[in-house]
Amino acid sequence: MRDAAPETVYLKDYKPFGYVVDSVHLTFDLAPHATRVTSRIAFSPNPETTDRTFFLHGEKLKLIRATIDGAEIAPQVTPEGLTATAPDAPFVWEAEVEIDPAGNTALEGLYMSNGMYCTQCEAEGFRKITYYPDRPDVMSTFTVRINGDLPVLLSNGNPKGQGAGWAEWHDPWPKPAYLFALVAGDLVATEDTFTTVSGQPVALKLWVRPGDEHKTAFGMEALKKSMKWDEDSYGREYDLKVFNIVAVDDFNMGAMENKGLNIFNSSCVLASPDTSTDMNFERIEAIIAHEYFHNWTGDRITCRDWFQLCLKEGLTVFRDSQFTADMRSAPVKRIHDVIDLRTRQFPEDNGPLSHPVRPESFQEINNFYTATVYEKGAEVIGMLKRLVGDAAYAEALDLYFARHDGQACTIEDWLKVFEDVTGRDLTQFKRWYSQSGTPRVKVTEDWAEGTYTLNFEQTTLPTPGQPEKLPQVLPIAVGLIGPNGDELQETTVLEMTEAKQSFSFDGLPARPVPSILRGFSAPVILERESTNTERAFLLAHDTDPFNRWEAGRALAQDTLLQMATGAGEPDADYLDGLRSLMRDDTLDPAYRALMLGLPGQAELAGLLADRGITPDPMAIWQAVEHLRDAQAQALGPLLEELYEANQVTDPYRPDAEQSGKRALAGALLRLITRRDGGARASALYTAADNMTLALTALSCLLQAGQGEAELAAFYDRWKDDRLVIDKWFMLQIAEATPERAVSVAQALTEHPDFNWKNPNRFRALFGALTANHAGFHDATGAGYQLLADWLIRLDPLNPQTTARMCTAFQTWKRYDPARQAKIAVELDRIAATPDLSRDTSEMISRIRGA
Ligand code: BES
Ligand code: ZN
């Protein structure tokens, strides 16, 4: 049976379920193609409603029998679930179903990966395990028995008992079904313990397949740091006797916060210096923290319905960002987050997929785990915190946990705790949750007799379903800098609420240079006429590290946009400013590495389109190449000098200090390679004793048109390590010139290791292709065609991953008519595929704008 016909679900239609679930008992008799799931569920009438419709979700289940209070019933079964007549009184439901984990390629529900059983239930996967009210506002305790001939049998909560071929688990914390998990396999654990602030011991276990044990140490340390941080920063203690983490190779997402049993994509937890880069380590630390933090923001307090997804995801992303800022460098983390926001969220919010942080309708909820819900959702919390202040934020969070523990909540509940703590009216602020699109803020200035005035005007362009926009509350952090470089006004937060609003500063000795939107205090697009001189001044003097970086970024961006439209040469102010920053040893190497960075090519394309200019991907690529050459030229001998000065001599550690040095040295090596043709990169490849350096060297070599032998040796050395081979696939496409990218990708699809049913491998190849901007947008349309061919192939097996990859087409309207026509052909070809999944058909029709 295929997926159900697309039907739209609306926030405004929310109704509570007619029954509450008092307890759930599940028994699993595991068999690859015929697992039996027996459920015993105690229901009682929900006092909140009088509607006793008894509908249980269920998909791809073979119903063996169903009883109510012991009497066999014959429910009405459809592809989406079953309906039965149920008493208006407490009763016990029992059912037995059969499912096929080994045949489950969608990786939702119970499935198999390398001989191991595992589950993924968020958002609506539990209904593929048994009949159940599969909605987050139905919460219950779960008791689980697993019968299976495998050494390790895990589920949520605390262990209750185990013997040969069986194990029992009990989770005392009421939870929605999406947090259910089961794992069974031949696994080995790395073990540790954590003692909570109140003295409770917690057994920590990180489970992997035999052979991966050497990649668990870092993840375990990250877990302990996360547990401690949540106690120290949010007063949140862990609440079970065990915390299990399992690594699986086949996983659609990064990781999942199932209560007491987090399941991770192996790429997001396994790490060793030999096989993982500094960036991998940083991401793993953040994801472990993220999933752990969900224990409170997600599990103890969950979402009433999936429209409220940002309630747990936006907040938890905000929390994991705070954690990373504390563990590493706060300014560097902020810059990374803003780059990420501009790369992934801005295009989404300014294109056909634009939707509010709290969407109002969907066809397939899996399509709404987006950069908007996550990253903009986290930005909204950052703004709230800035507006109310740190102390009130902490108080509001305490109230949130106290008031809503054990509940399934809404954004209204969330905002109410802030209103109650501060006495503020957040009605207008709430527009951040309902209005889509990125606000644009125009700034002009006036200066007269010691008074400096900043005039702001905000507008948001129309987005799908929202032609008219209202002004939003914008916290605009501003500082003023005097002509001699001294700060005249330290950071102050201007609270803009009107469409147009001015703010004055008086008693100033001289006309200042403004530093606006410090720390990127609101997720907006700032539009302000500025001169290169002024930007170079801020690049030299701004006391706000974010805006200092931003000044350099703006210089680079302007010069690139001019170069990409055929006018101009690399800007001298930019190159001069860059040179002095690079020389400044007081600046963190990680920060200097970011200073060497340039806006991405897709971002530049978006900026051109914004200015009414049709972007030419090849011209953008050439502009970037040219500016890179100019950087190399301008920095000259300083490159080698700094490269030497930033070598790490201590044994490898993936911490902020060492990885900052390697990031800077790596960025320098890329420039050096433009001058020495790859001599130093080649030496580094030979000497490299960790994956970060090896990949840096290899990518420099490929970029210089060399590295064939090294690439082959790399493959040979790592052919048995899936995660490293993913990198091998990615790298070749990432470093291919635009002319070669599609053919390199195409050739790799024929490689025997292109195991396309594995989401990591599929994403390694096609993620790299779509990230190679000029390559993917090759004028022949070959990139579009190759991607579409494979999306069509993957869709029947794995709709979720297919639908996510469709976002590569979301910016299609930016490009010239010829490219648009070619993309339209591919979108229509995908749309016309028989039996296309609900996931992919929703994405394609929204992108196509039918
Ligand atoms: N709850 C999600 C995982 C999830 C997402 C399950 C969508 C099912 C559908 C988890 O907490 C999460 O957000 N994971 C992120 C990583 C995180 C660091 C932002 C992911 O998987 O990408
Ligand atoms: Zn999450």
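Within region 277-294, how many residues are more than 17 Å from the chain's Cα centre (by Cα) and either within 11 Å of ligand 2 (Cβ to nearest atom) or surrounded by fewer than 24 Cβ atoms within 10 Å (Cβ to Cβ) (or both)? Spell out how you get there, then give the answer.
Filtering region 277-294 down to residues more than 17 Å from the chain's Cα centre (by Cα) leaves 277-278.
Filter once more, so that each one left must be either within 11 Å of ligand 2 (Cβ to nearest atom) or surrounded by fewer than 24 Cβ atoms within 10 Å (Cβ to Cβ) (or both): 277.
Counting residues in region 277-294 that are more than 17 Å from the chain's Cα centre (by Cα) and either within 11 Å of ligand 2 (Cβ to nearest atom) or surrounded by fewer than 24 Cβ atoms within 10 Å (Cβ to Cβ) (or both) gives 1.
Out of region 778-790, which residues are in contact with an Asp or Glu (Cβ under 9 Å, 6 or more places away or on another chain) and open to solvent by less than 10 Å² (accessible area, probe 1.4 Å)?
Of everything in region 778-790, those that are in contact with an Asp or Glu (Cβ under 9 Å, 6 or more places away or on another chain) and open to solvent by less than 10 Å² (accessible area, probe 1.4 Å) turn out to be GLY781, TYR784, LEU787, ALA788.
Anything in region 13-28 that is surrounded by 16 or more Cβ atoms within 10 Å (Cβ to Cβ) and not in a strand (DSSP E or B)? List them, or say none.
Once the filter is applied, which keeps residues that are surrounded by 16 or more Cβ atoms within 10 Å (Cβ to Cβ) and not in a strand (DSSP E or B), region 13-28 yields PRO16, PHE17, GLY18.
Hand me the list of strands (runs of 3 or more DSSP E) wholly inside region 481-541 holding 3 or more residues that are over 35 Å from the mean Cα position of the chain (by Cα) and closer than 28 Å to ASP390 by Cβ.
The strands (runs of 3 or more DSSP E) meeting that bar are 487-496, 500-505.
Taking interchain pairs and intrachain pairs at least six residues apart, which have beta carbon atoms under 6 angstrom, with the first residue in region 244-257 and without any contact (Cβ under 8 Å) to a residue 40 or more places away in the chain and the second surrounded by 24 or more Cβ atoms within 10 Å (Cβ to Cβ) and part of a strand (DSSP E or B)?
Qualifying pairs under 6 Å: ALA255/PHE264.
Mind checking which pairs have a first residue in region 132-145 that is open to solvent by 30 Å² or more (accessible area, probe 1.4 Å) and a second that is among the β-branched types (Val, Ile, Thr), Cβ under 6 Å, 6 or more apart or different chains?
Short answer, once both residue conditions are applied: ARG145/THR27.
So, GLY199, is that one in a loop (DSSP other than H, G, I, E, B), of a type in the set (Gly, Ala, Ser), more than 30 Å from TYR685 (Cα to Cα) and open to solvent by 10 Å² or more (accessible area, probe 1.4 Å) or not?
The answer is yes for GLY199.
Inspect region 549-559 for any residue being under 25 Å from VAL624 (Cα atoms), in contact with a helix residue (DSSP H, G or I) (Cβ under 8 Å, 6 or more places away or on another chain) and without any contact (Cβ under 8 Å) to a residue 12 or more places away in the chain and give the result as yes or no.
no
Could you tell me which residue of region 258-276 is farthest from ligand 2 (Cβ to nearest atom), considering only residues that are part of a helix (DSSP H, G or I) and touching a residue at least 24 places away in the same chain (Cβ under 8 Å)?
SER266
For region 609-630, how many residues meet the condition of being open to solvent by less than 30 Å² (accessible area, probe 1.4 Å) and without any contact (Cβ under 8 Å) to a residue 60 or more places away in the chain?
The total comes to 1.
Might you let me know whether region 638-649 holds any residue that is part of a helix (DSSP H, G or I) and closer than 30 Å to GLY606 by Cα?
Scanning region 638-649 turns up no residue that is part of a helix (DSSP H, G or I) and closer than 30 Å to GLY606 by Cα.
Quick check on my filter: what residues within region 631-653 are touching a Leu at 6+ places or on another chain (Cβ under 6 Å), without any contact (Cβ under 8 Å) to a residue 40 or more places away in the chain and open to solvent by 20 Å² or more (accessible area, probe 1.4 Å)?
Matches in region 631-653: none.
Do we have any residue at all in region 176-187 that's hydroxyl-bearing (Ser, Thr, Tyr) and outside any strand (DSSP E or B)?
Quick first cut of region 176-187, residues hydroxyl-bearing (Ser, Thr, Tyr) only: 178.
Of the ones still in play, those that are also outside any strand (DSSP E or B) are 178.
Scanning region 176-187, I find at least one residue that is hydroxyl-bearing (Ser, Thr, Tyr) and outside any strand (DSSP E or B), so the answer is yes.
Take region 348-378 and flag every residue that is open to solvent by 20 Å² or more (accessible area, probe 1.4 Å) and outside any loop (DSSP other than H, G, I, E, B).
First, pick out the residues of region 348-378 that are open to solvent by 20 Å² or more (accessible area, probe 1.4 Å): 350, 352, 358, 360-361, 363, 369, 374-375.
Within region 348-378, SER361, TYR374, GLU375 qualify.
For region 29-50, enumerate the residues that are surrounded by fewer than 16 Cβ atoms within 10 Å (Cβ to Cβ) and in contact with a Gly (Cβ under 7 Å, 6 or more places away or on another chain). Walk me through how you get there before you give the answer.
Quick first cut of region 29-50, residues surrounded by fewer than 16 Cβ atoms within 10 Å (Cβ to Cβ) only: 32-34, 40, 44, 47-50.
Of everything in region 29-50, those that are surrounded by fewer than 16 Cβ atoms within 10 Å (Cβ to Cβ) and in contact with a Gly (Cβ under 7 Å, 6 or more places away or on another chain) turn out to be HIS33, THR49.
What is the one condition in (1) touching a residue at least 60 places away in the same chain (Cβ under 8 Å); (2) out of contact with any Pro (no Cβ under 9 Å at 6 or more places or on another chain); (3) open to solvent by less than 40 Å² (accessible area, probe 1.4 Å) that GLN407 does not satisfy?
Single failed check for GLN407: (3).
Exactly one of (1) over 20 Å from LYS312 (Cβ atoms); (2) in a helix (DSSP H, G or I) is unmet by ASP230. Its number?
Unmet condition: (1).
Just need a number here: residues in region 399-425 that are more than 23 Å from GLY298 (Cα to Cα) and either among the small types (Gly, Ala, Ser) or part of a loop (DSSP other than H, G, I, E, B) (or both).
Selection size over region 399-425: 3.
Return the residues of region 90-126 that are within 16 Å of ligand 1 (Cβ to nearest atom), closer than 28 Å to ASP22 by Cβ and open to solvent by 20 Å² or more (accessible area, probe 1.4 Å); say none if nothing qualifies.
Correct list: GLU108, GLU124.
Restricting to region 296-306, name every residue that is under 18 Å from the mean Cα position of the chain (by Cα) and away from ligand 2 (no atom under 11 Å from the Cβ).
Within region 296-306, just TRP306 meets the criteria.
Taking interchain pairs and intrachain pairs at least six residues apart, which have beta carbon atoms under 6 angstrom, with the first residue in region 290-304 and among the charged types (D, E, K, R) and the second open to solvent by 10 Å² or more (accessible area, probe 1.4 Å) and away from ligand 2 (no atom under 11 Å from the Cβ)?
Correct list of pairs: ARG300/ASP405; ARG304/ASP137; ARG304/ALA408; ARG304/THR410.
A quick yes/no check of all residues on (1) farther than 19 Å from ALA667 by Cα; (2) open to solvent by less than 20 Å² (accessible area, probe 1.4 Å); (3) of a type in the set (A, V, I, L, M):
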position: PHE503; (1), (2), (3): yes, no, no
position: ARG511; (1), (2), (3): yes, no, no
position: ALA540; (1), (2), (3): yes, no, yes
position: ALA564; (1), (2), (3): yes, yes, yes
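Return yes or no: is GLY199 over 21 Å from SER155 (Cβ atoms) and modelled with pLDDT of 95 or more?
yes
Between ASP835, ASP828, ASP839, which is open to solvent by 60 Å² or more (accessible area, probe 1.4 Å), of a type outside the set (Lys, Arg) and touching a residue at least 24 places away in the same chain (Cβ under 8 Å)?
Every option except ASP835 fails the conditions.
Looking for whichever is in contact with a Ser or Thr (Cβ under 6 Å, 6 or more places away or on another chain) and either touching a residue at least 24 places away in the same chain (Cβ under 8 Å) or not polar (S, T, N, Q) (or both) here; the options are LYS228, LYS312. Which one fits?
Going through LYS228, LYS312 in turn, just one is in contact with a Ser or Thr (Cβ under 6 Å, 6 or more places away or on another chain) and either touching a residue at least 24 places away in the same chain (Cβ under 8 Å) or not polar (S, T, N, Q) (or both): LYS312.
Restricting to region 283-337, count the residues that are near ligand 1 (Cβ under 9 Å from one of its atoms), assigned to a loop (DSSP other than H, G, I, E, B) and polar (S, T, N, Q).
Total meeting the criteria: 0.
So for region 334-342 (the condition being more than 16 Å from ligand 2 (Cβ to nearest atom), within 30 Å of THR8 (Cβ to Cβ), in contact with a Ser or Thr (Cβ under 6 Å, 6 or more places away or on another chain) and touching a residue at least 40 places away in the same chain (Cβ under 8 Å)), does at least one residue qualify?
The answer is no; no qualifying residue exists.
The values are calculated or read from the model by the stated rules, or taken from the named source; none is laboratory data. Because the structure is predicted, anything quoted here is derived from the model rather than measured. When we count neighbours, we look across all protein chains shown, and the Cβ atoms used for this are built from the backbone with ideal geometry, even at glycine. What goes into the accessible areas is simple: the full protein's heavy atoms, side chains included, and nothing from ligands, DNA or RNA. Shrake-Rupley method; radii C 1.70, N 1.55, O 1.52, S 1.80 Å.
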